[in-house]
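To keep things clear, I will list the structure first and then write my remarks on it.
What follows is calculated from the coordinates using simple rules that are stated; it is not laboratory data. Since the structure is predicted, the reported quantities are computational estimates derived from the model, not experimental observations. Cβ placement follows ideal geometry from the backbone for every residue including glycine, while neighbour counts extend to all protein chains displayed.
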Ligand SMILES: Cc1cc2nc3c(=O)[nH]c(=O)nc-3n(C[C@H](O)[C@H](O)[C@H](O)COP(=O)(O)OP(=O)(O)OC[C@H]3O[C@@H](n4cnc5c(N)ncnc54)[C@H](O)[C@@H]3O)c2cc1C
Ligand SMILES: C=CC1=C(C)c2cc3[nH]c(cc4nc(cc5[nH]c(cc1n2)c(C)c5CCC(=O)O)C(CCC(=O)O)=C4C)c(C)c3C=C
């Protein structure tokens, strides 16, 4: 008996949905087809994307280039499918994980030099938790609930003072400094603002238009510094905050979009861990040995598979088309592959591609990145004047200093076990790195450390010197989705489709920078390649 199951629908690109149809015979899968539906202007066109016979026969060798969380996630999902004979992961540095990087000191203290908290919410959040559970990491989760002080208290540093971000009904109906009128007023007026006809808009312009300039200048400016280390006057609302863009497009208002929803998202059923996150109302989570445990655990699981080859110190220099796919040139050898999933930063991929891919090279080069100085500090004793996740600093207050995270508050488990200490992380530079500190290659660690400790002193009144510190200069760590980014990404993928290049683009350069987005993008790349749900 044959059963046709519509297994899944998820949003692929703007106004596009992918539908997976699975044909089952006596309970086992015999054929999968993936159709792309374009819902633009409410007209629906379906086209078969993949899943024909050629896609259901084994894909011999897939090379995954870049061993950050994006490349590891893609490899993890590739291994879920029996269609792939071999997966070769090529990473230029001596470790896997990319920006997921934790220092574990011998006395038990843990310091993050990249992401520190991952959100469980939404389809992409559930997807990561399902993966975490599958990897056997559930027991290592450190959840931070919505009722925790780190979730309730987030601060802004404006005009030389810390201000708690308004929250709850009372915070919205009253005038709370640094804002000059109740936020509820801006929110109520928002429903009356007309929808824009523009294809894209900067985040600052979008929020000024819908909620007023003050919220854009202070709250949203700071938020963009705390997620993209970027300038909201240049970043695209459509690519950075698609939920806001879609709310306006589909409901005519952010508030209505939030109340009524703004279109279907990807369908990701929650596993037991994701269900627990909802039941216990988690706002974010980390892992007991630091966020780097996640790529370490994926690497360990990949090593269990005889189909996977993991190569560190294997920088991709050049890739050339060959009769069956690609020849990938490394410093000291050549790897052949039928298909490449690139999880490299866009510029790194652009310099490896052959000149026959010129239009793609051009677009990849246009995706800028920013450099962030991450300064981890440890102080003896309990030195914070306020408790919360941390504070952000709008660019009008201090262009070079983006904010301070009070790591000991959300994750006290990462403090050294003996004796009371406080761990802080100061983040500097971003879109303002060059103007504030000059050439990243010329700036000294001493200068960055001094700037960070001065900020801790002036913002938090801490006069003691840190008992331990570490400066990490994260070069080109966050891609900037400037105006028109969505068109650029679509144009690159369209070039790949039209020229039948056996290449998939994943990682933080294209479809979102959060850890959740990058993992989900790895999964989407694999599902599109194999034409099956993994
Ligand atoms: C300071 C900081 C704080 C952050 N905070 C958060 C947070 O709180 N929450 C959150 O969700 N996200 C956060 N992020 C974002 C998130 O960590 C990143 O967007 C994500 O880790 C990017 O993963 P990726 O695999 O796409 O890229 P990368 O981590 O950059 O991986 C790319 C890999 O490719 C390798 N590579 C480069 N060139 C070559 C080559 N030629 N050949 C082979 N390999 C190559 C690199 O060595 C690297 O390992 C933060 C990022 C930073 C920098
Ligand atoms: C409180 C101070 C914060 C600083 C300073 C900060 C710097 C910083 N953050 C990123 C990248 C991301 N941060 C993300 C989430 C996030 N960041 C903060 C606070 C600071 N970040 C908070 C409170 C949160 C959680 C968001 C929430 O729960 O509301 C994310 C993930 C966003 C997501 O969609 O999941 C990223 C990415 C950088 C590069 C950076 C450096 C200046």
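For the pair residue 288 and residue 468, label points projected 7 Å from Cα toward Cβ lie 1.9 nm apart.
How much length, in nm to one decimal, is gained on full extension between residue 436 and residue 329, taken as 0.36 nm per residue of separation minus their Cα-Cα distance?
Contour length minus Cα-Cα distance gives 34.7 nm.
Return one number: the angle in degrees, 0 to 90 and rounded to the nearest 10, between the long axis of the Cα atoms of helix 485-498 and the longest principal axis of the Cα atoms of the chain. Tilt of helix 485-498: around 10 degrees. The calculated FRET efficiency for residue 307 paired with residue 184, based on their beta-carbon distance and R0 = 35 Å, is about 0.05. Taking a ≥ b ≥ c as the square roots of the eigenvalues of the alpha carbon gyration tensor, region 179-260 is oblate, as a/c is not under 1.5 and a/b does not beat b/c. Measuring between their Cα centroids, region 444-509 and region 69-99 lie 22 Å from each other. Summed over qualifying helices (DSSP H, 4 residues or more, each -39500 (n - 2.57)) and divided by its residue number, the chain shows a 222 nm mean residue ellipticity of -8500 deg cm²/dmol. Against the chain, whose longest principal axis comes from its Cα atoms, helix 293-303 is set at around 20 degrees. The angle between the Cα long axis of helix 445-460 and the main principal axis of the chain comes to about 60°, on a 0 to 90 degree scale. Taking other Cβ atoms within 10 Å as a rough exposure proxy, 255, 203 sort from fewest to most as 255, 203. Computed from label points 7 Å out along Cα-Cβ, the spacing between residue 487 and residue 300 is 4.8 nm. Each of 210, 493, 174 was scored by other Cβ atoms within 10 Å of its Cβ. Listed from fewest to most, they are 174, 493, 210. Counted by neighbouring Cβ atoms within 10 Å, the residues 332, 231, 511, 476 run from fewest to most as 332, 476, 231, 511.
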